[in-house]
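Reading through the structure tokens given below for one structure.
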Amino acid sequence: MTPEERVEAAINFEKPDRVPIVPLATLPCAAGILGLNLGELHKSPKKSLDAMLKMFDDYGGWDGANLMPNLKVFYNLGGFKVKVPGIDLPDNYQIQFVEDESMKIEDYKTVADIGWRRFVKEDYLYRITDMKKEDLIKAREEFWRMAWKATYEFLKRKVGIKLSVSYFHPFFTLSLQRSLIKFTQDLYYRPELVEKALDTMTEDIIQAGISSCKKTGFKWIFMPEERAEAAIYPLKIFERFWWPYTKRMVEAWHAEGLIVWFHLDQCWDLNIPYFKELPKSSVMLDLDGLTDIFAAKEILKNHLCIMSDVSASLFSLGTPKDIEAYCKKLIDKLGVDGGHILGSGCEVPPNCKPENFKTFIETGKTYQLSKK
Amino acid sequence: MSSKISENIVQLNENEVLNEVKMRLKQGEDPMKIVDDCREGLIIVGEKYKKKEFFLAELILSGEIFKVAMELISPYLIRENEKEIKGKILLATIQGDIHNLGKNIFGTLLKINGFKVYDLGVDVNPEIILDKVREIHPDFIGFSALLTITFDPMKYVIDTLKKENLRNQVKILVGGGVTTSMVKEYIGADFQTIDAMEGIEYCLKNVKEEGMV
């Protein structure tokens with residue numbers, strides 16, 4: 001099977017020749033296992049892409065990949081304030097979000113009126129960066145140049161999941177911009193303002209996702225969320241402010257043949273049953289080790305594919321034996337006959353031991369075949 | 001439930017709590033009694049959280065109400081009642097990590113529960129933490145971590161405390177999304193959790209057992 005066929009089989013609950021492997025191995029992982037300076041990579045789009053390609057090639061490749069190095073300007077263009085190594089932080093640090101309440105209560109109305117993307121482009125970007133208007137065109141050109149180059153390189157390598165775009169969930173976006181505490185107060189004390197903004201943002205993202213996927217011909221949309229789950233909010237909040245918007249996005253994209261890769265950090269145990277309401281094979285759930293992945297599998301059975309959760313702490317502190325044992329457990333329990341993609345839970349960290357990463361890839365590639 | 005304040009804290013009615021606090025202060029009531037009423041509400045919120053009737057959101061919101069209420073009450077308190085302090089805890093997000101949310105939420109809950117909190121902030125150099133431990137001799141150290149690159153600096157702090165024979169004088173907690181029992185073992189901490197209230201329970205249990213008060 002080709003990587004694409006393997007991923008398709010897993011998503012559609014058909015039997016792949018082996019489990020597809022899709023680690024979230026981006027710049028920190030590349031720098032860590034190749035012994036490169038992460039700060040230097042963040043300063044150079046070319047060096048950063050070269051590092052990701054070298055990591056992919058040196059470790060024999062895998063079945064799906066993030067096509068873009070996660071550089072500062074790309075987060076900024078999406079409206080996210082970040083600090084990155086080499087520019088705002090020491091070289092050996094990781095990129096980190098800054099939650100300093102740059103978005104104010106009065107901004108909800110603007111977002112509701114004109115949408116998130118226009119709000120970022122016309123106003124917010126200049127609050128969270130020192131970018132000037134003339135820099136915006138340059139930054140966007142740089143973004144697209146990089147996107148096409150990365151896409152070309154990974155297509156040459158025949159990866160199975162071709163990510164067209166990445167959008168933070170509107171709920172997560174607002175939580176990061178307002179900060180967790182302020183946003184929680186907004187949800188309880190100013191719910192209508194939040195709802196109106198979420199409504200416009202949802203429609204905005206649906207259209208943007210469809211348009212981007214048409215441009216690239218790819219069908220995957222990556223969507224991280226780590227703030228809506230029942231570890232933080234009661235289900236009444238989830239049901240009012242997250243689920244209806246999520247359903248709307250997924251159903252609209254599913255109708256266009258697109259698939260959402262939900263990257264769900266933290267514990268979603270109580271929220272998992274809701275996902276059964278989504279069309280079969282419309283999304284893939286990528287869990288980070290805090291959700292009970294085996295219980296989630298029981299609930300979602302042959303409805304939605306689960307991407308598994310070899311954790312960052314196991315990659316950095318475990319031994320190859322630990323990694324091998326956990327990968328085998330995941331492969332045995334989560335879907336030999338489809339419905340499982342072997343994943344890294346969250347980003348593979350920069351202090352991942354190279355031998356652990358190698359074992360992760362090799363176990364995924366050989367374990368099932370060795371049993372035949 | 002014995003007061004409007006505690007009742008409104010449980011119902012997360014911020015304005016009602018603050019209006020009641022202002023009114024009772026104006027009437028010349030003992031400010032410590034008002035603080036006690038606030039704490040009573042917060043204890044109920046904590047109990048509801050343990051029973052899974054409340055979630056982190058309610059802990060956050062009630063903690064924020066308490067913080068604003070305390071800003072109103074503080075000028076009326078002659079001095080902090082040292083006898084009320086259950087224990088001293090030093091909090092830090094260590095070098096390499098600039099996340100502060102989890103640490104701040106935990107810090108607020110500690111204060112509510114009667115602990116004296118020394119919050120060193122984020123991206124804290126291990127030497128600064130060690131200096132502060134030598135200076136104040138805390139009962140607890142709480143590390144917050146969201147990134148794996150914090151593991152070695154935390155281990156360094158704990159190893160150094162061992163070398164200086166200070167380790168057995170302090171209980172060390174580590175929390176945050178990236179932490180696991182494997183991380184606890186690796187750095188040499190006493191307790192690991194991703195649940196702020198579990199951390200509070202651990203501290204309360206220890207002050208009771210060790211007679212730290």
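At a glance:
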read-out	value
Checking B:PRO126 against (1) in contact with a Pro (Cβ under 9 Å, 6 or more places away or on another chain); (2) of a type outside the set (A, V, I, L, M, F, W, C); (3) open to solvent by 30 Å² or more (accessible area, probe 1.4 Å), the condition it does not meet	(3)
Unique residue being within 29 Å of B:THR150 (Cα to Cα), polar (S, T, N, Q) and out of contact with any Phe, Trp or Tyr (no Cβ under 9 Å at 6 or more places or on another chain) when the list is B:ASN100, B:ASN13, B:ASN19, B:ASN8	B:ASN100
Filter result for A:TYR93 (among the hydroxyl-bearing types (Ser, Thr, Tyr) and more than 14 Å from chain B (Cβ to nearest Cβ))	no
Which listed residue is within 24 Å of A:THR216 (Cβ to Cβ) and either in contact with a Leu (Cβ under 7 Å, 6 or more places away or on another chain) or modelled with pLDDT of 95 or more (or both), from A:LEU41, A:LEU67	A:LEU67
Search result, residues across region B:105-121 that are more than 8 Å from the chain's Cα centre (by Cα) and either within 9 Å of chain A (Cβ to nearest Cβ) or not in a strand (DSSP E or B) (or both)	B:GLY114, B:LEU120, B:GLY121
Helices (runs of 4 or more DSSP H) enclosed by region A:30-86 - at least 1 residues per element that are surrounded by 18 or more Cβ atoms within 10 Å (Cβ to Cβ) and within 17 Å of the chain's Cα centre (by Cα)	A:45-58, A:72-77
Per-region count, region B:10-44, residues within 14 Å of another protein chain (Cβ to nearest Cβ), part of a helix (DSSP H, G or I) and under 17 Å from B:LEU109 (Cβ atoms)	1
Answer residue from region A:94-115, given it is in contact with a strand residue (DSSP E or B) (Cβ under 7 Å, 6 or more places away or on another chain) and not in a loop (DSSP other than H, G, I, E, B) and is least open to solvent (accessible area, probe 1.4 Å) among those	A:GLN96
Which numbered condition B:GLU58 misses (of (1) modelled with pLDDT of 95 or more; (2) more than 26 Å from A:CYS267 (Cβ to Cβ))	(2)
All positions within region A:304-333 that are outside any loop (DSSP other than H, G, I, E, B), crowded, with 22+ Cβ neighbours inside 10 Å and in contact with a Lys or Arg (Cβ under 8 Å, 6 or more places away or on another chain)	A:ILE306, A:PHE315, A:SER316
Residue that is surrounded by the most Cβ atoms within 10 Å (Cβ to Cβ) [pool: residues in region A:336-372 that are basic (Lys, Arg) and within 17 Å of A:ALA65 (Cβ to Cβ)]	A:LYS365
Any pair with Cβ under 8 angstrom, 6 or more apart, that starts in region A:216-240 at a residue that is within 14 Å of chain B (Cβ to nearest Cβ) and ends at one that is of a type in the set (Lys, Arg) and in a strand (DSSP E or B)	none
Residues being within 14 Å of chain B (Cβ to nearest Cβ) and hydroxyl-bearing (Ser, Thr, Tyr) - total across region A:184-202	3
Residues of region A:304-323 classified as within 14 Å of chain B (Cβ to nearest Cβ), farther than 16 Å from B:ILE187 by Cβ and not hydroxyl-bearing (Ser, Thr, Tyr), total	6
Of residues in region B:45-69 being touching a helix residue (DSSP H, G or I) at 6+ places or on another chain (Cβ under 6 Å) and free of Cβ contacts under 8 Å to residues at least 24 places away in the same chain, the one nearest to the other protein chains (Cβ to nearest Cβ)	B:ALA57
Pair list, Cβ under 8 Å, 6 or more apart: region A:1-22 residue of a type in the set (S, T, N, Q), other residue open to solvent by 40 Å² or more (accessible area, probe 1.4 Å) and not in a helix (DSSP H, G or I)	A:THR2/A:LYS158
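Results for (1) more than 29 Å from B:ILE43 (Cβ to Cβ); (2) open to solvent by less than 50 Å² (accessible area, probe 1.4 Å); (3) touching a residue at least 40 places away in the same chain (Cβ under 8 Å), shown as yes or no for each residue.
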| site | (1), (2), (3) |
| --- | --- |
| B:SER144 | no, yes, yes |
| B:TYR156 | yes, no, no |
| B:LYS162 | yes, no, no |
| B:ARG167 | yes, yes, no |
| B:GLY175 | no, yes, yes |
| B:ALA196 | no, yes, yes |
| B:GLY199 | no, yes, yes |
| B:CYS203 | no, yes, yes |
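The values are calculated or read from the model by the stated rules, or taken from the named source; none is laboratory data. From a predicted model like this one, the values you see are computed outputs, not experimental measurements. Positions of Cβ are backbone-derived with ideal geometry, glycine not excepted, and every protein chain shown enters the neighbour counts. Calculation scope for accessible area: heavy atoms of the full protein, side chains included, ligands and nucleic acids excluded. Shrake-Rupley method; radii C 1.70, N 1.55, O 1.52, S 1.80 Å.
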